[in-house]
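All remarks here apply to the structure that follows.
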Amino acid sequence: MMHPPSQIVPMKSRELQPLVELLFASQFPEEDLAKELVSYKNLRLLDEAVSQAWWLSSSHIKQLLLLNTLPKSPFQRYGFCFTKSGRNGTEVAWQVTKIRTTI
């Protein structure tokens, strides 16, 4: 169905994924693209951790954010805030929250 150019049509999130991947492909060299797509999947996992109120271990946070070391608590990356909240066994546990902005 065609819409007039002045009419804005909302898109469902599943329709946006190919557009986001295309945007990544146009912004990053080919050798970095695989790493960036992994990051996109990792952001989805972080979003799930927020919605389930999971506390993630330091090793999981480093793996998801592709970091060697973690900054001091609290810190922000990719629209998420990470705050030390306890322990998961021998590791620090981090609460992950989503940063909400108003436009």
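No lab work stands behind these numbers, since they all come straight from the coordinates. Just so it is clear, the model here is predicted, and its values are computed rather than measured. Every residue, glycine as well, gets a Cβ built from its backbone with ideal geometry; the counts of neighbours run over all protein chains shown.
Distance between the modelled labels on T83 and L43, one decimal in nanometres: 2.3 nm (7 Å Cα→Cβ projection). Each label was represented as a point 7 Å from its Cα along the Cα-to-Cβ direction; for K72 and V50 these points are 2.5 nm apart.
Summing Lys, Arg as +1 and Asp, Glu as -1, what charge do residues with Cβ under 15 Å from the Cβ of V50 carry, V50 excluded? Can you show the working numbers first?
On the way: positive: R44, R77, K98, R100; negative: D47, E48.
It works out to a net charge of +2.
In this structure the amide hydrogen of N88, modeled in the peptide plane, comes within under 5 Å of the amide hydrogens of A93, none closer than 5 places in sequence on its chain.
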